[in-house]
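Structure first, then comments.
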Amino acid sequence: MITFTFNGVELFAISGQSVSAALLTNNERITRYTRINNSPRGLFCGIGVCFDCLLIIDGKPNQRGCITMVQSGMTVEIQK
Amino acid sequence: MIINHQILVLGGGPAGLNAAKYAANAGADVGLIDSGVRLGGQYWRHTGDISVDHAMHHNFDQGSLLIDAVLTNPQIKVYLECQIWSVSIVNDSIVLRSLFQIFQTQKLIIATGAYDRSIPFPGWDIPGVITAGAAQALLKGSGVIAGKNIVVAGTGPFLLPVAAGISRHGGNIVGVLEAAYKTSWVKGITTLIRSPFKIVEGFGYIKTLRKNKVELRFGHAVTAAHAGADGLLESVTVANIDRNFNVKSTYSLKCDVAAISWGFTPDTSIAGALDVRQRVNHDGSVIIEVDDDQRAIQSNALIEIYAAGESTGIGGSELALAEGAIAGLAAAHDPGISNQLRKLRRRAQKFAHTLSKVYPVASGWQSWLTSETLICRCEEVTYQTVREAAEELGAIDARGAKLMTRCGMGMCQGRICGRSISDLFDGNQVDRIQFASRPIITPITLGELAQEGLL
């Protein structure tokens, strides 16, 4: 078990999981709000193609949660 | 630093793995590039934990043997987590760039695979609506079940392993909705009988679903998704549809995840960038055209480009393995491509062709759309906007609509919506191929470009 933070809250994850998988395990389904309609989005294609599960990871925006492996101490934030 | 290899293989799924293995065994020096953290591609996606992986896969033995053979072959250098964002031909060499490396070769084998085909419908952008491939990737790659109450829908044989896998690992499947009619299986029965392994595999999944009392309905589809007050998926509209996908009647089904796929879309991004000839396949998807040796068609005589696996037409892992072996041998200029290998490929091609006839995606899905339905998820372009571009602004094809509305111009570069927009305009071959071509393989930031010294 490792820990990472999502919007400042500490959450548990298993090493080797994707950020998307770790968020779903913690019941977090919204990764970002869209630019135009401010609609919630989450995981969609799950394999790095659709760019819907974008998050701010360790301060870097537009990171795909589905193909980023969760790391101990990682900071993950919703992207607006 | 520029990394040189005699042969570069792009993609570490069944086709790419076998291509690398066969080319290396024929004496070539091979570089194998994959964007993932582990080899195996989508088909043999795994966690790296052997006990978990064998529980998740019905046939992981074959995959792990092939992955081991590639990893331990001194003739093959493997580059993982290597996302190629640009390919070009410079001074009669093929140059591929990732963020950290530049690769150069005279011979490239494209084995970039495929991703789930999605069809737009009202609410498909709600968090909780995912592709069947996403549900599978969560389970096989991270050991996570996508939700509490899961609907699996769409069409194609892939729905069965996804639903059975989730069910077998304790997930609750509230329904499997297959758009095809049960009777249409008759069409493909002669080919199916020739491939007994596939039949056994299919019955295995159905047995698992029956044992766990999961309902499998034919002639049904999810035609709308609905969010609760929290913005998350709460229910879907399920429709009893006719063979043209027109709605006959509907009912509502509660769920927090709807995993939906309509077959697969070949990933030919790299072919467009290299000006390799593409064509529209019998199922309407854009594929890389290859000859009997899996060699692609392009104008530079000093380089060789091959393609194998789903990027040359959706056909499953057995076809990908056969095509990969042939491409690997051909690229290594090994004269020993056996008739048996070519026969194996022909048989797998026939099987794939029959399957695509059993699981057609009929144009009636367009009747599910409302004015507000998003067509392009990235740029948030609605059906109404696309229709206005056609009716009022005179867009006659997908390219025209793209220029007027930005549909297909977002981060995914039309990978998700491109096929559907072409279908909405009933696009011809040229329009479909042009719409599927993109100069940049994967988006990168201007800052990353600047770091490379390219700005």
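The packing ranking of peptides B:76-82, A:54-60, B:160-166, highest mean first, is B:160-166, B:76-82, A:54-60, where packing means the average number of other beta carbon atoms within 10 angstrom of each residue.
Between the helical axis of B:339-358 and the longest alpha-carbon principal axis of chain B there is an angle of about 20 degrees. Highest average first, the peptides B:286-296, B:207-217 ordered by how many other beta carbon atoms sit within 10 Å of their residues are B:286-296, B:207-217. Along the positive direction of the dipole of segment B:266-334 (beta-carbon charges: Lys, Arg +1; Asp, Glu -1; about the Cα centre), which of B:322, B:332, B:268 reaches farthest? The one lying farthest along the dipole's positive direction is B:268.
Helix-derived [θ] at 222 nm for chain B: sum -39500 (n - 2.57) over DSSP H runs of at least 4, divide by residue count, nearest 500?
Values: 15 runs with 153 residues, N = 455.
Helices in chain B give a 222 nm mean residue ellipticity of -10000 deg cm²/dmol.
Helix B:132-142 axis versus longest C-alpha principal axis of chain B: approximately 60°, rounded to the nearest ten. Think of segment B:369-436 as having a plus end and a minus end, set by charges on the Cβ of Lys, Arg, Asp and Glu; of B:374, B:434, B:395, B:434 sits farthest toward the positive end of this dipole.
So if each residue of separation counts as 0.36 nm, and I subtract the Cα-Cα distance between residue B:102 and residue B:450, what length gain in nm does that give?
Details: separation 348, 0.36 × 348 = 125.28 nm, distance 1.54 nm.
Once the chain is fully extended between residue B:102 and residue B:450, it gains 123.7 nm.
For segment B:1-148, the Cα gyration tensor yields ellipsoid semi-axes of 30, 21, 12 Å (square root of five times each eigenvalue, largest first, whole Å).
Measure off, as a whole percent, the carbon and sulfur share of the 1.4 Å-probe accessible area of chain B, all protein chains present.
Numbers: 9960 of 18780 Å².
Reported share for carbon and sulfur atoms: 53 percent.
With r as the distance between the Cβ atoms of residue B:342 and residue B:440 and R0 = 45 Å, compute the FRET efficiency 1/(1 + (r/R0)^6) and round to 0.05.
Details: r = 36 Å, r/R0 = 0.80.
Calculated transfer efficiency: 0.80.
Cα centroids of segment B:217-290 and segment A:5-66: 22 Å apart. When the Cα atoms of segment B:25-71 are aligned to their principal axes, the ranges along those axes come out at 36, 21, 15 Å in descending order.
Direction-averaged shadow area of the convex hull around the Cα atoms of segment B:118-262, nm²? Can you show the working numbers first?
On the way: hull surface 35.1 nm².
Its Cα hull, projected and averaged over all orientations, spans 8.8 nm².
Extending 7 Å from Cα along the Cβ direction at residue B:393 and again at residue B:251 yields two label points whose distance is 4.3 nm.
Taking 0.36 nm per residue of separation and subtracting the Cα-Cα distance, full extension of the segment from residue A:62 to residue A:9 would add 17.1 nm. Dipole of the protein assembly as shown computed with +1 at Lys/Arg Cβ and -1 at Asp/Glu Cβ about the Cα centre; of B:5, B:155, A:61, farthest Cα towards the positive end is B:155.
Placing unit charges on C-beta atoms (Lys and Arg positive, Asp and Glu negative, everything else neutral), compute the dipole magnitude of segment B:337-421 about its Cα centre in debye, rounded to 20. Working shown, then result.
Working: 14 positive and 7 negative charges, 247 e Å.
It comes to approximately 1180 debye.
Neighbouring Cβ atoms from other chains, within 10 Å of the Cβ of residues in B:118-125, number 2 on average.
Relative contact order for segment A:2-77: 38 percent, from Cα pairs under 8 Å spaced at least 6 residues apart, divided by residue count.
Can you tell me what the convex hull of the Cα atoms of segment B:313-438 projects to on average, as an area in nm²?
Values: hull surface 39.4 nm².
Average of the hull's projected areas for segment B:313-438 equals 9.9 nm².
Globularity index of the protein assembly as shown is 0.92 (Cα radius of gyration / 2.2 N^0.38 Å, N = number of residues). Probing with 1.4 Å while keeping every protein chain in the model, the per residue accessible area of segment B:369-436 equals 43 Å². Peptide A:49-59 has a mean shielding of 5, counted as Cβ atoms of other protein chains within 10 Å of each residue's Cβ. Radius of gyration (Cα atoms) of segment B:369-436, expressed as a multiple of 2.2 N^0.38 Å: 0.95. If you wrap the tightest convex hull around every Cα atom of segment B:76-183 and split its volume per residue, you get 196 Å³. DSSP finds beta bridges in segment B:1-146, and of those with both partners inside it, around 40 percent are antiparallel. The long axis of helix B:159-168 is offset from the longest Cα principal axis of chain B by roughly 80 degrees. When restricted to Cα atoms, chain B yields an Rg and a Dmax of 21.8, 64 Å, respectively. Most simply put, the protein assembly as shown has about 55% antiparallel DSSP beta bridges, counting only bridges with both residues inside it.
Under the criterion of Cα pairs below 8 Å and six or more residues apart, the relative contact order for chain B equals 19 percent.
Take the Cα gyration tensor of chain A, multiply each eigenvalue by 5, square-root it, and list the three semi-axes largest first, rounded to whole angstrom.
Values: eigenvalues 74, 34, 22 Å².
Equivalent-ellipsoid dimensions as semi-axes: 19, 13, 11 Å.
Placing +1 on the Cβ of every Lys and Arg and -1 on the Cβ of every Asp and Glu, with nothing else charged, gives the protein assembly as shown a dipole about its Cα centre of roughly 1400 debye. Net charge dipole, segment A:1-72: roughly 240 debye, given to the nearest 20, about the Cα centre with Cβ charges of +1 for Lys and Arg and -1 for Asp and Glu. Left without a cysteine partner by the 4.7 Å Cβ rule in chain A: A:53, A:66.
Placing dummy labels 7 Å off each Cα toward the beta-carbon, the span from residue B:289 to residue B:372 is 4.5 nm. Report summary: the helix-based calculation at 222 nm, which adds -39500 (n - 2.57) for every DSSP H run with n ≥ 4 and divides by the residues of chain A, gives -2000 deg cm²/dmol.
Restricting to bridges with both residues inside chain B, how much of the DSSP beta-bridge set is antiparallel, in percent to the nearest 5? Working shown, then result.
Working: 33 of 69 bridges.
Looking only at bridges with both residues in chain B, the antiparallel portion is about 50 percent.
Note on B:136-146: average number of Cβ atoms from other chains within 10 Å of each residue's Cβ is 6.
When each of the peptides B:86-99, B:8-21, B:317-330 is scored by the mean number of other C-beta atoms lying within 10 Å of its residues, the order from highest to lowest reads B:8-21, B:317-330, B:86-99. Taking all Cα pairs closer than 8 Å and separated by 6 or more residues, the relative contact order of segment B:118-262 comes to 35 percent.
The values are calculated or read from the model by the stated rules, or taken from the named source; none is laboratory data. What you are looking at is a predicted structure, and each value in this text was computed from that prediction instead of being measured. With ideal geometry, Cβ positions are generated from the backbone for all residues, glycine too; neighbour counts draw on all protein chains shown. The protein model used for the area step is the full one, side chains on, heavy atoms only, and it has no ligands, DNA or RNA in it. Shrake-Rupley method; radii C 1.70, N 1.55, O 1.52, S 1.80 Å.
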